[in-house]
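Any read-out appearing in this document is the output of simple, stated calculations on the displayed coordinates, not a laboratory observation. From a predicted model like this one, the values you see are computed outputs, not experimental measurements. Note: ideal-geometry Cβ built from the backbone for every residue, glycine included; neighbour counts use all protein chains shown.
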Amino acid sequence: MVSRLLGAVAGITAGLDLPATLHHIVDTATDLAGARYGAIGVLDRHGQVVEFVHTGLDHDRVSAIGRLPIGRGVLGLVVDVAKPLRLADLTRHPDAAGFPPHHPMMRSFLGVPVRIGTEVFGNLYLCEKRGAAEFTEDDEVLVESLAAIAAVAIENSRLHGRLQDLAVLADRERIARDLHDKVIQRLFAAGMTLQAAVRLPTADLAERVEAAVDELDAVVNDIRQTIFDLTVHPHEHRGLTAAVLAVVDDMTRDTGLAVSVRLAPDLDHRVDARGADATVTALREILANTVRHAAATSVDVDLSGAADDLVMVVTDDGCGPHPGAPTPGHGHGLHNLAARAEALGGTFRIAAHTAPGTRVVWTIRTQVGT
């Protein structure tokens with residue numbers, strides 16, 4: 001008997017879906033308690049039967065009965081009082097609701113609530129004890145144990161569903177961040193290129209427009225990647241140093257900004273692919289804000305830090321944040337910068353700066369690459 005109970009527990013951890021696990025539990029209960037029929041009814045938050053698993057009735061009989069139990073009568077009583085119920089003849093109980101047409105006659109009854117603490121998920125019940133007039137106290141203890149296992153399986157399934165829902169919400173936020181930080185900023189850069197191209201001689205115009213079109217094609221590919229595969233795999237990681245230089249060139253080309261970049265020599269070895277991707281995305285957002293809003297003439301990018309930290313400081317000599325401008329955590333782009341830094345154990349802030357302009361500090365915890 002103990003091995004069968006352990007087998008029921010193993011059904012929960014074996015990766016079976018909920019109906020399969022419940023079938024396993026019902027079969028075990030009917031077998032060990034010597035019952036002809038058994039079933040589990042699972043209720044939703046409103047007390048409606050949303051899952052009904054049974055054994056003992058063949059397909060033809062089930063088809064003839066048609067409508068399955070909805071949790072009224074004695075079955076509803078087991079849920080309402082949240083206590084086991086053993087009856088020699090359930091048809092004599094005052095709460096008996098009777099049987100539908102084509103349903104076999106059932107008299108001996110053992111029903112127990114499926115619950116964890118005070119939360120009742122449904123009921124597990126057996127009918128028609130083989131070789132005896134009614135179920136025993138030992139049967140009741142056994143079936144209560146199996147009902148507890150069923151409750152764990154149901155709660156486990158519901159928690160898994162909630163985790164999946166949370167994962168979907170997290171993916172939505174992640175997609176929104178990547179679309180804003182990676183895609184929109186590149187579109188902005190392509191637009192700046194086209195705007196600058198208008199002032200070029202005709203001979204150079206076609207070449208510049210072609211370059212912008214190529215960039216737009218790359219943006220389309222970024223959108224596809226963002227939707228279908230937002231992660232940066234380690235084998236695709238080209239190194240933080242090269243990525244930073246590429247973004248600086250991409251975002252400041254044709255802007256007239258005087259650009260200075262200082263990079264610690266060991267960045268590519270200290271920062272893993274995830275940290276590098278987040279840092280490059282943050283740099284793109286920061287430079288986009290500088291180009292779009294600061295009216296600056298110069299920008300300085302400095303990446304340094306100790307063994308366990310990466311510090312990126314971007315300083316410009318522009319007009320600085322306007323009074324009342326959003327602080328980190330307010331506004332879509334700034335919120336994304338703060339969220340990305342916090343996800344990697346770091347911070348994002350617009351630091352005090354005595355000279356005209358803006359000083360942005362981005363930090364994350366680094367991971368040693370392998």
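Taking the highest mean first, how do the peptides 297-303, 286-292, 101-107 order by number of other beta carbon atoms within 10 angstrom per residue? Present the calculation step by step, with values, prior to reporting the outcome.
Values: 297-303: 18.4, 286-292: 21.4, 101-107: 12.7.
Going from most to least packed, we get 286-292, 297-303, 101-107.
Which value results when the Cα radius of gyration for the range 38-159 is divided by 2.2 N^0.38 Å? Intermediate values should be presented prior to the final figure.
Details: Rg = 13.9 Å, N = 122, 2.2 N^0.38 = 13.7 Å.
In units of the 2.2 N^0.38 Å rule of thumb, it is 1.02.
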